[in-house]
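Below is one structure, written out as structure tokens; the observations come after it.
What follows draws every value from the coordinates through simple rules; no lab data is involved. These figures come from a predicted structure and were not determined experimentally. Glycine gets a Cβ as well: all are built from the backbone with ideal geometry, and neighbour counts include every protein chain shown.
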Amino acid sequence: MDDNALIRIRHVRKVYLMGEEKVVALDDVSLDIYKGEFVCFLGTSGSGKSTFLNMVAGLEKPTRGEVWIGKVPIHKLNEAQVTIFRQKNIGFIFQAYHLMQSMTALENVALPLMLKGVPKEIREPAAKKALAQVGLKGYEGRKPNQMSGGQQQRVGIARALVVKPKIIFADEPTGNLDSHTTKDVMDLISKETKENGTTLILVTHDRSIADYADKIVTIQDGNIINVEVKGKKNETA
Amino acid sequence: MSNKDILQLCFGNLLRRRTRTILSVIGVIIGTTAIIVMISIGMGLSYGYQEQLESFGNLHMVEVYNSGGGMSSNGQTNKMDDRTIAKMEKIDGVTVISPQISQYVVIAGDHKRSERQIIGVRTEMLEALNLEVEKGRMINESDKNGLLFGKTAAAMFYDPRRQQGADWGSTEPAIDPLQKFIITNDWDYGTNQEGQNMGETQPIQIEAQGVGMMASADNEYTYNIYTTIEFAQKVKDEFEKAQNGGRPSNNPQGNEYQDLMVYVADLDKVASVSETIRTDYGFGTFSLNDMLKEMQKTANMIEAVLGGIGGISLLVAAIGIANTMIMSVYERTREISVMKVIGASLKDIRKMFLLEAGMIGFGGGVIGVALSYGISYVMNHFLSGAIGGAFGMGSKVSIIPIWLVLAALAFSTMVGVVSGYSPAQRAMNMSVLEGLKNE
Ligand SMILES: Nc1ncnc2c1ncn2[C@@H]1O[C@H](COP(=O)(O)OP(=O)(O)O)[C@@H](O)[C@H]1O
Ligand SMILES: [Mg+2]
């Protein structure tokens, strides 16, 4: 365990109560993630990947254990504090894109900036630039329902990139896309995050996607069973 | 998030759900209009009472009688003299106070005569009454025997050799009011019976000088002739002396007056001034304002009942707004969650929903105000004749004062915000992960 890592996850456990029954989504998970790293959580459905990601992103509180990002104890923040932290440091890419249906591509990309209070004159050019970056020049005025899944996910990526976050979280970002589009989108995500030095945490059940990552963390039944670092030998947790 | 952006977002959301927005706005319009129109009818009623009473006399005036023995509630007796008047002048709300000395006389000039009340009051009182002078000037304190004619008083002179009494209804001066007059106690003065029916009473003649005539014939002062207290007192004393067979009256009340006039500039204080004079000084009072207060109590009650009926419709509208907002929160669960995850603060989320609800309330309020003005206009122009008379209303059936407009707008906006509060709270506290799963 390395206290200099950007993200430090220590003995995190998450138990859900389903009525009387306890569901252990995460058992006892510890992990270090470094700045600029592309980390992939790999595992079958129900293994606890999403729970893990949500815990790190502060969307859920662990039952036990600690999550530190830099000097910030994410597990201790209340919702208002964690919202402010996310606004400043974190971007999200969703499997279902989660674009605002009533807004144009440009407005969708500009939305995180608007939420931060950035004025229109600044956020719209920035959004336009981000759209161009993901190859959607000329699509600024399109509504989500006028775009393909791949295009919508590109808008989603642009929306995550536009705030220049330190960390981007992506939960099955290609889960709704065909294999050809999946490759384009993965190329785009890994290229853009590498260029900006953004830390990327991506969840997938697909080994071929995991191969884009610098570090592959395999999860099974709520535990890390393997951490594979590119260019290094497997190290078992 | 900047307020401008929130506002735009809210507008967008309301427009997107156009039909439902319009329906909730209509609810508020009906509620606001009902409240405003109902209260405006109550106001019209109350104004009608006031109009009616004003035609009877001056609402600022309290008349004080030397009755009730001048026994105040703490058992002290008060003489209605200059010392007491000086004390009463300090009662909160009293603008001018004056004794009122009146004597019914025969007054003659230029071969014409009239039977009139001559009333002496302080000149400040005449000034406070703000009576316009059409001819000549006001009385001033240095006038020894000056007379100010009410317009009707000047018209009521007649030639006693030609007719028995004055013509009623005329307001054209029958004499030049700016001349010398004779004041007498001979009721046959100027007729061929002159001086023959005096009995024990000594005939007297007092000279007086007309100095002015009032412009208006539409008030209670128009029938009288006004003069200074000193001159009125002199006339009164002479009349009493003549009746007593030449002996000066041994005025049993000393220097006491019989009547006072009290002018209260602030209409809201007339009632308290009357009350103080009755309880602290023990004198009797009369003011039209007392009647107005009673009538206004009735009007206020009617206003409250009518306003309550309007209020119920706005309450129904509030339920409509709450329903719209709750539906909106449910429909936008995913949207709200996404916004939260990508950086919307909880405060902004709540602000958004409160603002949307407030906009429905305010928008409905504005249209409701406009509609109310329309309805009020129609009622005043087409109904005031028809029902106005039947309900004892004045010239207006419905009056919408500006405070009612502002209050209605504030109220409708508040209804919106309050109805939106719980849905907004729900949106704020909603679990982000639940919202994102919801597909
Ligand atoms: N909100 C919840 N309530 C109860 N059980 C949950 C909840 N979220 C996840 N789980 C359970 O926790 C386990 C891990 O879920 P998840 O992290 O979503 O898996 P993955 O993303 O790897 O498919 C699963 O068994 C799932 O049923
Ligand atoms: Mg999952």
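Here is how the numbers come out for the structure above:
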item	result
DSSP beta bridge pairing in the stretch B:61-287, given as percent antiparallel to the nearest 5	85
0 to 90° range, to nearest 10: angle between helix B:288-331 axis and chain B longest Cα axis	10
Debye, to nearest 20: dipole size of chain A, +1 on Lys, Arg Cβ, -1 on Asp, Glu Cβ	800
Which of B:Thr333, B:Tyr158, A:Ser190, positive extreme of dipole for the protein assembly as shown (C-beta unit charges)	A:Ser190
Amide H contacts under 5 Å for B:Glu134, placed H, 5+ residues apart	B:Met213, B:Met214, B:Ala215
Whole-Å distance, taken between Cα centres, linking the stretch B:254-288 and the stretch A:94-117	74
The stretch B:12-19 - phi-based ³J(HN,Hα) in whole Hz, Karplus 6.51/-1.76/1.60, Gly and Pro as x	x, 5, 5, 5, 5, 9, 3, 4
Ascending count of other beta-carbon atoms within 10 Å, so fewest first, for A:Asp184, A:Asp171	A:Asp184, A:Asp171
Relative contact order (%) - criterion: Cα under 8 Å, at least six apart; region: chain B	29
C-alpha long axis of helix A:120-133 to longest principal axis of chain A, angle in °	70
Cβ-placed point charges (K, R +1; D, E -1), dipole of the stretch B:61-287 about Cα centre in debye, nearest 20	360
Simple label model, 7 Å out from Cα along Cβ direction - B:Ser2 to B:Tyr421, nm	3.1
Averaged over A:109-119, number of beta-carbon atoms from partner chains that fall within 10 Å	5
Label point distance in nm, A:Lys76-B:Met327, each placed 7 Å from Cα along Cα→Cβ	4.7
Neighbour-count ranking [beta-carbon atoms within 10 angstrom, fewest first] of A:Arg10, B:Arg83	B:Arg83, A:Arg10
Length-normalised contact order for the stretch B:61-287 - Cα pairs under 8 Å, 6+ apart - percent	37
Assigned charges on the beta-carbon of Lys, Arg, Asp, Glu; the protein assembly as shown dipole about Cα centre (debye)	4360
Dipole-positive endmost among B:Thr201, A:Phe52, B:Ala215 within the protein assembly as shown (Cβ charges, Cα centre)	A:Phe52
Virtual spin-label span in nm between A:Glu195 and B:Glu294, 7 Å along Cα→Cβ	9.0
Rounded to 5, percent antiparallel among DSSP beta bridges of the protein assembly as shown	70
Label point 7 Å beyond Cα of A:Lys35 along Cβ direction - residues of the stretch A:179-195 with amide nitrogen under 18 Å	A:193-195
For the stretch B:35-50 versus the stretch B:13-33, the gap between their alpha-carbon centres in whole angstrom	28
Within chain B, helix-based [θ] at 222 nm, where runs of 4 or more DSSP H residues each add -39,500 (n - 2.57), nearest 500	-16500 deg cm²/dmol
Ranked A:Val229, B:Val264, criterion: other C-beta atoms within 10 Å, fewest first	A:Val229, B:Val264
17 Å Cα-Cα reach of B:Lys437 towards lysines, excluding residues that sit fewer than 8 places from it in its own chain	A:Lys49, B:Lys340
Tilt relative to chain B, helix B:229-243 - C-alpha long axis, 0 to 90 degrees, to 10	40
